[in-house]
Amino acid sequence: MSAGATDAEKLERLEAETRRAWSAYRERTQALEGEEYDAVEDESWAELQARLRALERRRRVLSGRAAS
């Protein structure tokens, strides 16, 4: 994120990144079935959760800075 972006713009970007993370998860798992789904879904879910946690940390930093 650029240094010149406002906190509101940064939060909007974080929301877009959150949507992309969920889309990537759906794309990786939607056409799979059975054992293939089980194998891919576990890893994909873990990746999604890690990404969402990282985005939430960034969101809290921005929110805390905005409240100051």
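The values are calculated or read from the model by the stated rules, or taken from the named source; none is laboratory data. Here the structure is a predicted model, which means the values were calculated and not measured. Positions of Cβ are generated from backbone atoms using ideal geometry, with glycine treated the same way; all protein chains shown enter the neighbour counts.
Residues in the range 16-40 that are at pLDDT 95 or above, surrounded by 11 or more Cβ atoms within 10 Å (Cβ to Cβ) and either among the acidic types (Asp, Glu) or at positive phi (or both): 17 only. Among the residues making up the range 39-68, those that are under 11 Å from the mean Cα position of the chain (by Cα) and more than 17 Å from residue 12 (Cα to Cα) are 47, 48, 49, 50. If you filter the range 19-35 down to residues that are assigned to a helix (DSSP H, G or I) and polar (S, T, N, Q), you find that the one that is nearest to residue 50 (Cα to Cα) is 23.
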